[in-house]
Amino acid sequence: MTDAMTAARDPLLSASVVYDNASGGGAIASARAFTADFLAAVPCVRREPVADERVELAQLVVSELVTNAVRHAVGPCRLVLELLQDTLEISVLDREVAAPVPLGHDPGRIGQHGVEIVVAVCESLSVEPHPEGKRVRARLSLLREYADTATPADRRPH
């Protein structure tokens, strides 16, 4: 599964961190916190803060991508966050060359829904070869008008 490549651009804000697969669940919690801290800094380069729902979705996407890398790749993975005006680009680089494969909708299956979730909430998902493995790149809109689209109905204001 790949999307068209986009032209080179300069992010307004970027940060990265490396996790080794020995840290397991600690890497996932750390990646979620790293993402929240990154998005909290957005008002420094963009006028308005990121809506809470968008922060939560970004953390969910990061959790799923880092979990895949920690569970299925040998060696460390790198999480890269880039703010592109109204979009957060989330990349995870790991040493596994095989691309994650969505298994399709199966409400009876326990687990292995990560790629499905990322595809459902992001504007795009691509897998690109990288010199030492692959780069999984997801783009999530930060625009407020998208905030209600991925918020469960029971959490939406009435």
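The values are calculated or read from the model by the stated rules, or taken from the named source; none is laboratory data. What you see is a predicted model, and the numbers here were worked out from it, not measured in a lab. Please note: Cβ atoms are built from the backbone with ideal geometry, for glycine as well, and neighbour counts cover all protein chains shown. Calculation scope for accessible area: heavy atoms of the full protein, side chains included, ligands and nucleic acids excluded. Shrake-Rupley method; radii C 1.70, N 1.55, O 1.52, S 1.80 Å.
Starting from the stretch 26-43, keep only residues that are over 20 Å from LEU12 (Cα atoms), then list their pairs with residues that are acidic (Asp, Glu) and in a helix (DSSP H, G or I) whose Cβ atoms are within a distance under 7 Å, requiring at least 6 positions of separation or different chains.
Close Cβ pairs (under 7 Å, with a partner that is acidic (Asp, Glu) and in a helix (DSSP H, G or I)) do not exist here.
Give the number of residues within the stretch 41-56 that are open to solvent by less than 50 Å² (accessible area, probe 1.4 Å), touching a strand residue (DSSP E or B) at 6+ places or on another chain (Cβ under 9 Å) and in a helix (DSSP H, G or I).
So in the stretch 41-56, the residues open to solvent by less than 50 Å² (accessible area, probe 1.4 Å) come out as 41-42, 46, 50-51, 54-55.
Pick out the ones that are also touching a strand residue (DSSP E or B) at 6+ places or on another chain (Cβ under 9 Å) and you get 41-42, 46, 50, 54.
After this cut, where a residue has to be in a helix (DSSP H, G or I) as well, the list is 42, 54.
Residues meeting the conditions: 2.
In the stretch 133-158, which residues are modelled with pLDDT of 60 or more and surrounded by 10 or more Cβ atoms within 10 Å (Cβ to Cβ)?
GLY133, LYS134, ARG135, VAL136, ARG137, ALA138, ARG139, LEU140, SER141, LEU142, LEU143, ARG144 - these are the residues of the stretch 133-158 that are modelled with pLDDT of 60 or more and surrounded by 10 or more Cβ atoms within 10 Å (Cβ to Cβ).
Output the residue which, of all residues in the stretch 18-72 that are among the acidic types (Asp, Glu) and under 16 Å from the mean Cα position of the chain (by Cα), is nearest to SER91 (Cα to Cα).
That would be GLU64.
To keep it simple, each residue is scored yes or no on (1) farther than 17 Å from ARG144 by Cα; (2) touching a strand residue (DSSP E or B) at 6+ places or on another chain (Cβ under 6 Å); (3) open to solvent by 20 Å² or more (accessible area, probe 1.4 Å).
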site: THR35; (1), (2), (3): yes, no, no
site: LEU39; (1), (2), (3): no, no, no
site: ALA58; (1), (2), (3): no, yes, no
site: VAL61; (1), (2), (3): yes, yes, no
site: THR67; (1), (2), (3): yes, no, yes
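In the stretch 120-141, which residues are in a strand (DSSP E or B), among the hydrophobic types (A, V, I, L, M, F, W, C) and within 11 Å of the chain's Cα centre (by Cα)?
LEU125, VAL136, ALA138, LEU140
Just a yes or no: is a residue in the stretch 101-112 open to solvent by 60 Å² or more (accessible area, probe 1.4 Å), modelled with pLDDT of 95 or more and within 21 Å of ALA31 (Cα to Cα)?
Looking for residues that are open to solvent by 60 Å² or more (accessible area, probe 1.4 Å), modelled with pLDDT of 95 or more and within 21 Å of ALA31 (Cα to Cα), one finds none in the stretch 101-112, hence no.
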